[in-house]
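Asker: Input: one structure, supplied below.
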Amino acid sequence: MSMSYSFRLAFQSIIRDKWVNLLAVLTIAAGLLFTAVTVLTVFNVNLITREIPKKFSVNVYLKENLQKQEIDNITATIKKEPSVENIKFIPKEDAWKELKSSLKNTEYILEGLNENPLPDTLEIKLKKDSINPDAVKKISTMLKQIKGVSEIEYGEKFLSSIYSLSLGIKTIGLTLIIIMSAGTLFVCYSTVKILFYRKNREIETYKFLGATKWFIRFPFLIEGATIGLCGGFLGLLGLLILYYFVLLKVGSTFPIFSSFVFPLNMSYLLPATGFVLGVIGAVIAIGRIRY
Amino acid sequence: MITFENVSKFYDNQTALRKISFSVERGEMAFITGPSGSGKTTMLKLIYMAEKADEGRINVNDMELSQLRESDVPVLRKNIGIVFQDFRLLDNINVFENVAIALRIRGVDEREVKSKVFDALKLVSLRHKTDSYPTALSGGEQQRVAIARAIVSEPVIILADEPTGNVDPDTSAGIIRTFKEINARGTTILLATHNRELFKNSGKRVLKLDFGNFAGEEIG
Ligand SMILES: Nc1ncnc2c1ncn2[C@@H]1O[C@H](COP(=O)(O)OP(=O)(O)OP(=O)(O)O)[C@@H](O)[C@H]1O
Ligand SMILES: [Mg+2]
């Protein structure tokens, strides 16, 4: 079997059925574009939520008048906890200075407070994978029971809302990605299937003349791959336009969008996905060839 | 080369062939005749396995068809050149490409394709129609393209189903002459026709069918 002949057959057929194929290319481009936008959104939300652990800490307020030995004991106990990354002791004097400096011009608020009302504090940073509402709640209950601890404080509301937001976007995103990929696959499948039905008699003639299965299949695979690849490139073009002309313009007014990251070195993934979906669609559409 | 042993073929409830025994020797040219619907096309289809026999045995080129694996079917068919009763030309490619298909399927070197196709088209007097598309040809011309496609790959067996059904008597005589020449070079040929003129005085064996039944054998 000559490869160049298969390619020629495939391209002749693509030109002959140009309208069906153009429609398929556009649909695939739209599907891949939408999927890519979803992936990028999820990717960016993920980036932002991944920054949270660096800022997130649990504050353990200690009772008054603890001996240094007692504080060391508490620190050691907490350190044993596997989810704890590190502990920082903030003496109440430091906390007091900090508070004062942060209130610079409004120091009068503190007037009348001759004594430092702040407690000694242990600032705990947790390991990344322990920063979710359940795990934090569990550890804070545990901390509360340690002798010498008066109170636990962390951004409970903040943590749980960020957490469920990112979880929600990930779930919706993943669902959309699956639906869109299935849709794109289906478009490739039905396009090749239509072409295949249309050429039923032609294919039968090829079989009667002694063509092997691969001789028959190959042009259809090339067609599917080409349609998928074209769809992928068109989708990429759409994505670039969307990024450079829309997002960056909007970003100059709404700074949130300007931090949106677009991994350019991953852009080959769009045509590559189109190619793979096209080939898979064709393989499914051709199915088993029988003699 | 081709042997039928008590072969029967039923379509749904209808009998197309009943207990047919017949054989064509290597290098022989033979005819199948009979009225319309007598089973001529069915017999040829059984040989190239477009249909499977319901009873009996068929042997083609030392291959027992009932035992052939699916992957061997193309191998069998590459030994056979077929002129289909309904031509089966591909409308979207020109005459040259229609004939060249037979060579491409057999993996013939691209450099040889051109000269072989031109030679075959010359044999059926269609050298001047190389670039035409099948839809722009007369019925007789289409039939001759089909013949060119069947002979171009120089197969060991040629099956021709009513190959002169659409041409005038002179052209018809020319086609039969061409087949005889090819046969003289050693190719086994089985030709189905209801036109007695084709085998009259040919000295070749003729199998007669009648409603799927064996109705005798004669020398034309
Ligand atoms: N695919 C099919 N399904 C059902 N019946 C069929 C089929 N093909 C052929 N037949 C029947 O089988 C019988 C033999 O048909 P066949 O085509 O072999 O005849 P034929 O001798 O070639 O006729 P003709 O000279 O008209 O070409 C006919 O009665 C026909 O109706
Ligand atoms: Mg017939």
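Asker: If you project the alpha carbons of the stretch A:217-288 onto the principal axes, what extent comes out on each, in Å, largest first?
Answerer: Rounded to whole Å, the extents work out to 56, 17, 15 Å.
Asker: Over all distinct Cα pairs, what is the inverse of the mean 1/r for the stretch A:63-102, reported as the Kirkwood hydrodynamic radius in Å?
Answerer: When all Cα pairs of the stretch A:63-102 are included, the Kirkwood radius is 11.8 Å.
Asker: Keeping all protein chains in position, work out how much accessible area A:Glu151 exposes to a 1.4 Å probe, and write it in Å² to the nearest 10.
Answerer: 110 Å²
Asker: When you have a sec, figure out the Kirkwood radius of the stretch B:1-114 from all distinct Cα pair distances and drop it here in Å to one decimal?
Answerer: For the stretch B:1-114, the Kirkwood estimate is 15.9 Å.
Asker: Quick one: which residues, 5+ away or cross-chain, put their amide H under 5 Å from the amide H of B:Leu209? H built at 1.01 Å from N.
Answerer: B:Thr33, B:Gly34, B:Ala215
Asker: Starting from the Cα coordinates of chain A, work out the convex hull volume and express it per residue in Å³.
Answerer: 185 Å³
Asker: Using the Cα centre of the stretch B:88-154 as the reference point, and only Cβ charges (+1 on K/R, -1 on D/E), how large is the resulting charge dipole? Debye, rounded to the nearest 20.
Answerer: With Lys and Arg at +1 and Asp and Glu at -1, about 120 debye.
Asker: Next question, about the same structure. Of the residues A:Ile162, A:Ile48, A:Ile241, which exhibits the maximal mean-square fluctuation in a Gaussian network model of chain A defined by a 10 Å Cα contact cut-off?
Answerer: Most flexible of the set in this elastic network: A:Ile241.
Asker: Find the Cα radius of gyration of the stretch B:110-217, compare it with 2.2 N^0.38 Å by division, and give the number to two decimals.
Answerer: Normalised Rg, Cα atoms only: 1.15.
Asker: Follow-up. Relative to the longest principal axis of the C-alpha atoms of chain A, give the angle of the C-alpha long axis of helix A:3-16, reported between 0 and 90° and rounded to the nearest 10°.
Answerer: So the helix axis and the longest Cα principal axis differ by about 90 degrees.
Asker: Still on this structure, please answer the following. How crowded by other chains is B:42-52, given as the mean number of beta carbons from other chains within 10 Å of each beta carbon?
Answerer: Taking the mean over all residues of the peptide, I get 1.
Asker: Taking θ = phi - 60°, what integer Hz values does the Karplus form 6.51 cos²θ - 1.76 cosθ + 1.60 yield along the stretch A:169-178, in sequence order, with x for Gly and Pro?
Answerer: 5, 4, 5, 4, x, 5, 4, 4, 4, 5
Asker: Please report, ordered by residue number, every helix of chain B (full DSSP H runs) that is 15 Å or longer along its axis going by C-alpha atoms and whose mean Kyte-Doolittle hydropathy reaches 1.0.
Answerer: For chain B, where a helix must reach 15 Å along its axis and average at least 1.0, the hits are B:95-105.
Asker: What are the extents of the Cα atoms of the protein assembly as shown along their three principal axes, in Å, largest first?
Answerer: In descending order, the Cα extents are 135, 48, 38 Å.
Asker: From Cα pairs below 8 angstrom and at least 6 apart in sequence, can you work out the relative contact order of the stretch A:57-153, rounded to a whole percent?
Answerer: 53 percent
Asker: Moving on to the next point. Shielding by partners for A:194-207, please: the mean number of other protein chain Cβ atoms within 10 Å of each residue's Cβ.
Answerer: 2
Asker: In addition: Can you give the average number of partner chain beta-carbon atoms within 10 Å of each beta-carbon in peptide B:96-105, as a whole number?
Answerer: Mean partner shielding for this stretch: 4.
Asker: In chain A, which longest range has no trypsin sites (Lys or Arg not before Pro) that are both DSSP loop (not H, G, I, E or B) and surrounded by at most 10 other Cβ atoms within 10 Å?
Answerer: My reading of the result: A:1-146 is the longest stretch.
Asker: Taking the inverse of the average 1/r across all pairs of different Cα atoms in the stretch A:156-253, what Kirkwood radius in Å do you get?
Answerer: 17.7 Å
Asker: Defining a contact as two alpha carbons under 8 Å apart and six or more residues distant in sequence, what relative contact order in percent does the stretch B:88-154 show?
Answerer: Relative contact order of the stretch B:88-154: 51 percent.
Asker: Another one. Roughly how large, in nm² to one decimal, is the mean projection of the convex hull of the alpha-carbon atoms in the stretch B:65-143?
Answerer: For the Cα atoms of the stretch B:65-143, the hull's average projected area reads 6.2 nm².
Asker: If you don't mind, there's one more thing I want to ask. With every protein chain kept in the model, how would you rank A:Tyr244, A:Tyr189, A:Tyr268 by accessible area, 1.4 Å probe, largest at the top?
Answerer: Sorted descending by solvent-accessible area, the residues read A:Tyr268, A:Tyr244, A:Tyr189.
Asker: Let me ask something else. When you take every Cα atom in the stretch A:43-150, what is the radius of gyration, and what is Dmax, the widest Cα pair distance, in Å?
Answerer: 16.4, 51
Asker: Same structure again: How much of the DSSP beta bridge set in chain B is antiparallel, as a percent to the nearest 5?
Answerer: 55 percent
Asker: Hey, another quick one. For chain B, what is one quarter of the convex hull surface built on the Cα atoms, given in nm²?
Answerer: Over all viewing directions, chain B projects a mean Cα-hull area of 11.9 nm².
Asker: For chain A, what is the relative contact order in percent, using Cα pairs closer than 8 Å and at least 6 residues apart in sequence?
Answerer: This gives 31 percent for chain A.
Asker: Continuing with the same structure: For the protein assembly as shown, what is the percent of antiparallel DSSP beta bridges, rounded to the nearest 5?
Answerer: About 65 percent, rounded to the nearest 5.
Asker: Only Lys, Arg, Asp and Glu count, each charged at its Cβ (+1, +1, -1, -1), so figure out the dipole size of the stretch B:52-190 about its Cα centre, rounded to 20 debye.
Answerer: Once rounded to the nearest 20, the dipole reads 400 debye.
Asker: Moving to a separate point now. For the stretch B:32-98, which trypsin sites (Lys or Arg not before Pro) pass both filters: DSSP loop (anything but H, G, I, E, B) and at most 13 other C-beta atoms within 10 Å?
Answerer: Taking the stretch B:32-98 and a limit of 13 other Cβ atoms within 10 Å, the loop trypsin sites (Lys or Arg not before Pro) found are B:Lys52, B:Arg69.
Asker: Compute the Rg to Rh ratio over the stretch A:197-248 from the alpha carbon atoms, using the Kirkwood formula for Rh, and round to two decimal places.
Answerer: A ratio of 1.36.
Asker: Helix A:68-80 versus the longest principal axis of chain A: what angle, 0 to 90°, nearest 10, using Cα atoms?
Answerer: The two axes meet at around 20 degrees.
Asker: For A:Tyr5, B:Tyr11, give me the order by solvent-accessible area with a 1.4 Å probe, most accessible first, ignoring ligands, DNA and RNA.
Answerer: B:Tyr11, A:Tyr5
Asker: Test of understanding: extend the Cα→C-beta vector of A:Tyr243 to 7 Å, then name every residue of the stretch A:22-42 with backbone N under 14 Å from that spot.
Answerer: Answer for the stretch A:22-42: A:33-34, A:36-42.
The values are calculated or read from the model by the stated rules, or taken from the named source; none is laboratory data. Because the structure is predicted, anything quoted here is derived from the model rather than measured. Don't worry about glycine lacking a Cβ; one is built from the backbone with ideal geometry, like all the others, and counts go over all protein chains shown. For the accessible areas, the whole protein counts, side chains as well, though only heavy atoms, and no ligand, DNA or RNA atoms are used. Shrake-Rupley method; radii C 1.70, N 1.55, O 1.52, S 1.80 Å.
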